[in-house]
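This report concerns only the one structure given below.
Throughout, read-outs are computed from the coordinates displayed, never taken from laboratory work. Given the structure is predicted, the values throughout are model-derived calculations rather than measurements. Here the Cβ positions follow ideal geometry from the backbone for every residue, glycine too, while neighbour counts run over all protein chains shown.
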Amino acid sequence: MFPKGLKNGFSRRTFLKSTAATALSAGLPSIALAAGETVKIGFLAPLTGATAAWGAPGLSGCEIWAEKVNAAGGIKIGDDSHHIEFVAYDNEYDPAKARTGATKLIREDGVKFVMMLGGDTWPGVQPVADRTGMLFSTLLPSDLSPDTETLLAPTEVHPIYLVTGVQWLAENKPELKTAVMCAQDDALGLPSVATYLAAFEAAGIEMQDEPLLFDPATTDFAPIVTRLLSTSPDIVCLDTCYSDYVHPICEQLFQQGYQGQIISATADFYDQMIAKTSKEFMEGFIFQFPDFDDPALNADNINFKDANGFYAEYNKRFPGQWGAVSWEYAAIMELWKDAAEKAGSVEPDAVLAAMTEGGKGKHAFGDADWWGEEMFGINNALVGDWPVVVIEDGKAVIKGFKSIPDWYDQHGDLLIKHMSAYDQMWNQRS
């Protein structure tokens, strides 16, 4: 099921990528760095509001990363070393504000790279990317399309990694046969719904009802949970609900007496959920984002340097704020730094070419492939293994790593079917 362009090297589109990027970059001033000049990186994400948990903790992680890199001399470009500085703009998960922020970061602040959460904000930014040729990253590969060559998903492969949690669940708890699901009706929720549906179908787990889509403005989750539990499911799936939804939903599941399996993309601040429910209730909760003190992250295949030390420093500096994205933006920066040093340049087109050269990359959780043409119309997502995490005795534990490409080779047709049904394929979104 993997595209020929991935198995045999770059497709024609990917081969032409650097040429296209160079042409687009005509909208950017290309000025050689002065000796010792600081390189500015844009951080364009929600720092306030319902989705702040997927923005603000990542900026904190970037600050730790930059301090460590700068203390070691900075980034090496040719014979000179340069410090890194992050310039943040709170887009409040609003497309118009994101577009304003992208323009400011590029034109006024002179950034060389812009990191985003993506999702509903990307359509506001895409015209800026197309006009300027700036290199952007997203945590949501569902933003990708061949319309924009300079958007990468180099760390998080949302929502495709969700299949690994369901695969592990089916292998380890085969007695669980039925499921229900809820999600907010937006650009984060819908592709996740399609992915979970494909994963449940591949695992032979029956959906007892259509996914329950709720308005993102919802604050009372009691009726939603009552409806979810009306069919007595073995599994309740919380999709990619924001932490502001996961917490009250879990409280309601606890209060309404649910004792079955819960699976979710994230479990940010799970200690708070345990405090509001119980350790017993949260036992066995499956999600996809580990604490970085996990011993499994010391293995030779892990490319995130000193994960345990990073986690310790993060919690020392920002206690109680570790979440799904705390490490992700920093991991993207490590890829960007390696590519810039390899290219001998911080210019977007040069970094893009160096980062994707050969169709391979060093993902945080192991070696991976630049993939996605069949799903996203372009091979700009870095895809490999992803961890499955389970809460045991009040602590997140990595239970193993599952291969996303292996799952897709077997079940890619199901993913395409469900993505198409929810109008989430790249050609439908365009």
Those trypsin sites (Lys or Arg not before Pro) in region 216-317 that DSSP places in a loop and that have at most 14 other beta carbons within 10 Å: K305
Anchor K104: lysines whose Cα lies under 25 Å away (excluding residues fewer than 8 positions away in-chain): K40, K112, K337
Long-range HN-HN contacts of V397 with modeled amide H, under 5 Å: V390, I391, E392
Distance violations [Cα-Cα > 23 Å] among K173/K276; K177/K399; K68/K97; K362/K402: K173/K276; K68/K97
C-alpha long axis of helix 189-203 to longest principal axis of the chain, angle in °: 60
Note, ³J(HN,Hα) from phi for region 221-234, Karplus 6.51, -1.76, 1.60, rounded to Hz, x at Gly and Pro: 9, 4, x, 5, 5, 4, 5, 4, 7, 5, 9, 6, x, 6
Karplus (6.51, -1.76, 1.60) ³J(HN,Hα), θ = phi - 60°, over region 52-66, in Hz, Gly and Pro reported as x: 4, 5, 10, x, 4, x, x, 5, 4, x, 5, 4, 5, 4, 5
Whole-number percent relative contact order across the chain, with pairs defined as alpha carbons under 8 Å at least 6 apart: 20
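Please list, by residue number, every one of the trypsin sites (Lys or Arg not before Pro) in region 323-425 that is coil in DSSP and has at most 12 other beta-carbon atoms within 10 Å. Numbers along the way, then the final one.
Details: sites: K337, K342, K360, K362, K395, K399, K402, K417; in loops: none.
Counting only loop positions with at most 12 other Cβ atoms within 10 Å, none of the trypsin sites (Lys or Arg not before Pro) in region 323-425 qualifies.
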Angle in degrees between helix 328-343 and the longest Cα principal axis of the chain, rounded to the nearest 10: 30
In order through region 375-391: 3J(HN,Hα) via Karplus (6.51 cos²θ - 1.76 cosθ + 1.60), integer Hz, x for Gly, Pro: 8, 10, x, 6, 8, 10, 10, 8, 10, x, 8, 9, x, 10, 10, 10, 7
Cut-off 12 Å between beta-carbons: net charge of the residues surrounding H247, Lys and Arg +1, Asp and Glu -1: -3
Sequence-distant residues sharing a close amide H with S81 (under 5 Å, placed H): G36
222 nm mean residue ellipticity, helices alone, for the chain (DSSP H n ≥ 4; -39,500 (n - 2.57); rounded to 500): -12000 deg cm²/dmol
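Which shape class applies to region 186-275: rounded if a/c is under 1.5, otherwise prolate when a/b exceeds b/c and oblate if not, where a ≥ b ≥ c are the square roots of the Cα gyration tensor eigenvalues?
Numbers: a/c = 1.44, a/b = 1.22, b/c = 1.19.
Verdict is rounded for region 186-275.
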The chain - share of DSSP beta bridges that are antiparallel (%, nearest 5): 45
Positive minus negative residues near V180 (Lys, Arg vs Asp, Glu; Cβ under 13 Å): -3
Peptide ranges 365-378, 251-264 listed from the most packed, as the mean C-beta count within 10 angstrom indicates: 365-378, 251-264
